[in-house]
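The values are calculated or read from the model by the stated rules, or taken from the named source; none is laboratory data. Computed from a prediction, not measured in an experiment: that's the story for all the values here. Don't worry about glycine lacking a Cβ; one is built from the backbone with ideal geometry, like all the others, and counts go over all protein chains shown.
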Amino acid sequence: LRVYHLTDTTGLDALGIVELPDPEPGPQDVLVRVGAVSLNFRDFSIARGTYAFGTISPPIVPCSDAAGTIVAAGSEVTRFKPGDRVAPIFFPKWLAGRVSRAATATTLGAGGTGTLAELVTLHEDACVAVPGHLSDAEAACLPCAGVTAWNAVFEGQPVRPGESVVTLGTGGVSLFALAFAKAAGARVIATTSSGDKRRRLEALGADVTINYVETPEWHEEVRRLTGGAGADLVIDVAGPTTLPRSLDAVAPGGRVTVIGAMGGPGEINPMPISRDSTTVRGMYVGSRAMFEAMNAAINANALRPVVDRVFPFEEAAEAYGHFAGRKHFGKVCIAVGS
Ligand SMILES: NC(=O)c1ccc[n+]([C@@H]2O[C@H](COP(=O)([O-])OP(=O)(O)OC[C@H]3O[C@@H](n4cnc5c(N)ncnc54)[C@H](OP(=O)(O)O)[C@@H]3O)[C@@H](O)[C@H]2O)c1
């Protein structure tokens, strides 16, 4: 098989294809012919050595997210059969229930072998069936960005019809969050950095959009748009530089998620959290149970992930480069199988 190796973490020059013998599934494993892989912000962070979670020991097979078809199953496999289309779960050990350090200790493409390969072996428990109406590229968007957005919208205190939800930017997590919040009956206020992306957000169902470059005090606009009350939920994916504004954009008694860290270091004043009785909720992707609940909703509502562009397998470095340029809207994918 052909598989990508990241031989160090100094940048994309370290990403190259190697030929290896085809893997053999163990008794409880499935062998999956990968159809497509999707990139996440973390994959880019890992490649350039800025990933904050855990130590990366190259060479690694990068990427966590994929979808494909089972071509062989070990003798003890009961959950799936050859021909089934599946996606891996982000944390192979977090199947259900409350998060734990043990559950999140291993992730694909960091501590564990990643998915940017023609064939991968996965424990049968570490896969879910993908919604049948999705292409492999669409289904490959689900394991990290999709499940994280699902966690933000429906776990903890779930979004209720009529609530106002703020999403930041047009990356993978935020566009899933927009779709899920709309499906829950919320009013979505979405921020982005360009006029073109505002129009595309509105076409996807955002009720109001704000250009956060032209309106850096976007939290004041959120308050104005909510009659002075503030939003019920702010899904903050950017982190240190946006959290102070997110805390000012949320209504007393509302919720703010802490999902990402894209804007460099920053300082958080805890006083607004106390003043407004805000629930600040961190999250780390999610469990297999969340993935399965999300897939049920995707099936029921015929939802489709937003795929920005699909690159050929041989152009994985170009896909990473496109992602790094922040021109994308939604998910950047790499086609693997023919
Ligand atoms: N905790 C977790 O479990 C978890 C899971 C997945 C992702 N994450 C994190 O969540 C973040 C987003 O991930 P992703 O995969 O969705 O990334 P992505 O696809 O690269 O999206 C990045 C987008 O965020 C927007 N953005 C960047 N800086 C911003 C700022 N200061 N204010 C508002 N928007 C900003 C930009 O949107 P515009 O171009 O529209 O301006 C940018 O295109 C990353 O930090 C990632 O590591 C965390």
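Exactly one condition in (1) out of contact with any Leu (no Cβ under 8 Å at 6 or more places or on another chain); (2) closer than 26 Å to ALA238 by Cβ is not met by ALA179; state its number.
(1)
Can you tell me which of GLY227, GLY286 is modelled with pLDDT of 95 or more and either within 29 Å of PRO143 (Cβ to Cβ) or in contact with a Gly (Cβ under 7 Å, 6 or more places away or on another chain) (or both)?
Among GLY227, GLY286, only GLY286 is modelled with pLDDT of 95 or more and either within 29 Å of PRO143 (Cβ to Cβ) or in contact with a Gly (Cβ under 7 Å, 6 or more places away or on another chain) (or both).
Scan region 203-218 residue by residue and report those that are within 20 Å of VAL250 (Cα to Cα) and touching a residue at least 40 places away in the same chain (Cβ under 8 Å).
TYR212
Results for (1) over 25 Å from GLU76 (Cβ atoms); (2) touching a His at 6+ places or on another chain (Cβ under 7 Å); (3) surrounded by 24 or more Cβ atoms within 10 Å (Cβ to Cβ), shown as yes or no for each residue.
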{"position": "ALA105", "(1), (2), (3)": "no, no, no"}
{"position": "GLY112", "(1), (2), (3)": "no, no, no"}
{"position": "THR115", "(1), (2), (3)": "no, no, yes"}
{"position": "LEU119", "(1), (2), (3)": "no, no, no"}
{"position": "ASP125", "(1), (2), (3)": "no, no, no"}
{"position": "GLY132", "(1), (2), (3)": "yes, no, no"}
{"position": "LEU142", "(1), (2), (3)": "yes, no, yes"}
{"position": "GLY146", "(1), (2), (3)": "yes, no, yes"}
{"position": "ASN151", "(1), (2), (3)": "yes, no, yes"}
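Output the qualifying pairs, or none if there are none: Cβ atoms under 7 angstrom, residues six or more apart or on different chains, first residue in region 265-277 and under 16 Å from LEU233 (Cβ atoms) and surrounded by fewer than 13 Cβ atoms within 10 Å (Cβ to Cβ), second residue of a type in the set (Gly, Ala, Ser) and modelled with pLDDT of 90 or more.
Final answer for the pair search is SER277/GLY253.
Answer yes if at least one residue in region 160-169 is farther than 20 Å from GLY230 by Cα, within 10 Å of the ligand (Cβ to nearest atom) and out of contact with any helix residue (DSSP H, G or I) (no Cβ under 7 Å at 6 or more places or on another chain), and no otherwise.
no
Any residue at all in region 260-269 that is at pLDDT below 95, within 12 Å of the ligand (Cβ to nearest atom), touching a strand residue (DSSP E or B) at 6+ places or on another chain (Cβ under 9 Å) and not aromatic (Phe, Trp, Tyr)?
Restricting attention to region 260-269, the residues satisfying the condition of being at pLDDT below 95 are 260-269.
With within 12 Å of the ligand (Cβ to nearest atom) added as a condition, the list becomes 260-264, 266.
Then keep just the ones that are touching a strand residue (DSSP E or B) at 6+ places or on another chain (Cβ under 9 Å); that gives 260.
Subsequent filtering for residues that are not aromatic (Phe, Trp, Tyr) retains 260.
Scanning region 260-269 turns up at least one residue that is at pLDDT below 95, within 12 Å of the ligand (Cβ to nearest atom), touching a strand residue (DSSP E or B) at 6+ places or on another chain (Cβ under 9 Å) and not aromatic (Phe, Trp, Tyr).
For region 171-196, give me each residue that is within 14 Å of the ligand (Cβ to nearest atom), buried (at least 19 other Cβ atoms within 10 Å of the Cβ) and outside any strand (DSSP E or B).
GLY171, GLY172, VAL173, SER174, LEU175, PHE176, ALA177, LEU178, ALA179, PHE180
Please state which of the following conditions THR55 fails to meet, knowing it meets all the rest: (1) surrounded by fewer than 23 Cβ atoms within 10 Å (Cβ to Cβ); (2) of a type in the set (S, T, N, Q); (3) out of contact with any Phe, Trp or Tyr (no Cβ under 8 Å at 6 or more places or on another chain); (4) in contact (Cβ under 8 Å) with a residue 40 or more places away in the chain.
If we test THR55 against (1) surrounded by fewer than 23 Cβ atoms within 10 Å (Cβ to Cβ); (2) of a type in the set (S, T, N, Q); (3) out of contact with any Phe, Trp or Tyr (no Cβ under 8 Å at 6 or more places or on another chain); (4) in contact (Cβ under 8 Å) with a residue 40 or more places away in the chain, just (4) comes out false.
I'm checking my understanding of the structure. Among residues of region 311-327 that are in contact with a helix residue (DSSP H, G or I) (Cβ under 7 Å, 6 or more places away or on another chain) and among the aromatic types (Phe, Trp, Tyr), which one is farthest from GLY35 (Cα to Cα)? Spell out how you get there, then give the answer.
Looking only at region 311-327, we keep the residues that are in contact with a helix residue (DSSP H, G or I) (Cβ under 7 Å, 6 or more places away or on another chain), and these are 311, 317, 320-321, 323-324.
Those still in the list that are among the aromatic types (Phe, Trp, Tyr) too: 311, 320, 323.
Details: PHE311: 12, TYR320: 18, PHE323: 20 Å.
Filtering region 311-327 for residues that are in contact with a helix residue (DSSP H, G or I) (Cβ under 7 Å, 6 or more places away or on another chain) and among the aromatic types (Phe, Trp, Tyr), the one farthest from GLY35 (Cα to Cα) comes out as PHE323.
Given the criterion hydroxyl-bearing (Ser, Thr, Tyr) and over 17 Å from the mean Cα position of the chain (by Cα), identify the matching residue among THR104, THR113.
THR113
Can you find, within region 323-338, the residue that is farthest from GLY195 (Cα to Cα) among those that are within 16 Å of the ligand (Cβ to nearest atom) and touching a strand residue (DSSP E or B) at 6+ places or on another chain (Cβ under 6 Å)?
Among those that are within 16 Å of the ligand (Cβ to nearest atom) and touching a strand residue (DSSP E or B) at 6+ places or on another chain (Cβ under 6 Å), it is ILE334.
Examine region 300-322 for a residue that is in contact (Cβ under 8 Å) with a residue 60 or more places away in the chain, buried (at least 17 other Cβ atoms within 10 Å of the Cβ), within 15 Å of the ligand (Cβ to nearest atom) and of a type in the set (D, E, K, R), and state whether such a residue exists.
No, region 300-322 contains no residue that is in contact (Cβ under 8 Å) with a residue 60 or more places away in the chain, buried (at least 17 other Cβ atoms within 10 Å of the Cβ), within 15 Å of the ligand (Cβ to nearest atom) and of a type in the set (D, E, K, R).
Mind listing just one residue for me: the one in region 284-299 that is away from the ligand (no atom under 16 Å from the Cβ) and in contact (Cβ under 8 Å) with a residue 40 or more places away in the chain and, of those, surrounded by the most Cβ atoms within 10 Å (Cβ to Cβ)?
Restricting to residues being away from the ligand (no atom under 16 Å from the Cβ) and in contact (Cβ under 8 Å) with a residue 40 or more places away in the chain, the top hit is ILE298.
Pairs, please: C-beta under 9 Å, at least 6 apart or cross-chain, first residue in contact (Cβ under 8 Å) with a residue 60 or more places away in the chain and of a type in the set (Asp, Glu) and in region 224-245, second within 16 Å of the ligand (Cβ to nearest atom) and assigned to a helix (DSSP H, G or I)?
That search, which allows pairs on different chains as well, returns ASP236/LEU243; ASP236/ARG245; ASP236/SER246; ASP236/LEU247.
Across region 202-221, what is the total count of residues that are of a type in the set (D, E, K, R) and part of a strand (DSSP E or B)?
0
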